[in-house]
Every structure is written in C-alpha cells, then in structure tokens.
Amino acid sequence: MTRRPRRNHTPAFKAKVALAAVRGDKTLAELAQQFDIHPNQITQWKAQLLDGAAGVFGSESRTDGNGPAVDVTGLHAKIGELTLENDFLAGALGKAGLPSAKR
C-alpha cells in the first residue's frame, strides 16, 4: 500500500463537504467515497460548521477589527516619562565617569 501525499483542502471545499453532511441526504461512508476523504474528517468539518454557524447571524459578539480602544494620550505621557528618565540616567552615568548607553 503506497502512502498518499498530504492534501490541503480549501475552505470552500470543506464547507461544501460539511454542508452535504449536514443535509443528511447521504451517509458518511457515501460522502467519504464521493469526496475521497476519511469519514472522521467529514465529522470534524461538520462539527466546526455547526459550532461557527451561530456567528453568521450575529448572535456572538463581533469585533470590527479595530481591537481594543487605545488611550493615545496616556501612551504619549508614558513615552515622555520614560524619555526623561532615560535622559536623567544617561546624565548621571556621564557625571559618574561611566560610559553612557548611547553610542
């Protein structure tokens, strides 16, 4: 028995197979033979489809892709504070006769 190379299936193909499994017109064995996939793989894709189906209708919280709100003013204040601290420490190192971290 020869070993077949690993196949990567497109999301469209996975959706097609999972929808066919959800419809229930054919058995898993028939679908596996038709699409040349192991029945366990069809079962996994079907479960993923059913788990994610609620998100299609907006029942789950959706993110707009913006991510969490960022407080830019607070970040600028922190940057300024750290800059002052670095400048102070660089000056203190120079007064002590030690080499500065700046090159």
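The values are calculated or read from the model by the stated rules, or taken from the named source; none is laboratory data. Model, not experiment: these values are computed from the prediction. Note that we place each Cβ from the backbone using ideal geometry, even for glycine, and neighbour counts take in every protein chain shown. Ligands, DNA and RNA are stripped out before the accessible areas are found, and what is left, the full protein with its side chains, is counted by its heavy atoms. Shrake-Rupley method; radii C 1.70, N 1.55, O 1.52, S 1.80 Å.
Rounding to the nearest 10 and keeping the result within 0 to 90°, find how far the Cα-based axis of helix 11-23 lies from the longest principal axis of the chain. Approximately 50 degrees, to the nearest 10. With every protein chain in place and a 1.4 angstrom probe, the accessible-area ranking of 57, 35, 88, largest first, reads 57, 88, 35. Counting only protein heavy atoms and a 1.4 Å probe, the chain has 87 square angstrom of accessible area per residue. Using a cut-off of 14 Å between beta-carbons, work out the net charge of the residues near residue 19 (Lys and Arg +1, Asp and Glu -1, residue 19 not included). Value of the local net charge: +4. Please work out whether the chain counts as rounded, prolate or oblate from its C-alpha gyration tensor, where a ≥ b ≥ c are the square roots of the eigenvalues and a/c under 1.5 means rounded, while otherwise a/b larger than b/c means prolate and anything else oblate? In terms of gyration-tensor shape, oblate.
In terms of its C-alpha gyration tensor, the stretch 6-54 has an oblate overall shape, because the principal axis ratio a/c (a ≥ b ≥ c, square roots of the eigenvalues) is not below 1.5 and a/b does not outweigh b/c.
Straight-line reach from residue 78: which lysines fall under 22 Å, measuring Cα to Cα and dropping same-chain residues less than 8 apart? Partners found: 102.
How much net charge surrounds residue 31 when only other residues with a Cβ under 11 Å from its Cβ are counted (Lys, Arg +1; Asp, Glu -1)? That works out to +1. Here the chain exposes an accessible surface that is 57 percent carbon and sulfur, computed with a 1.4 Å probe and the other protein chains kept in place.
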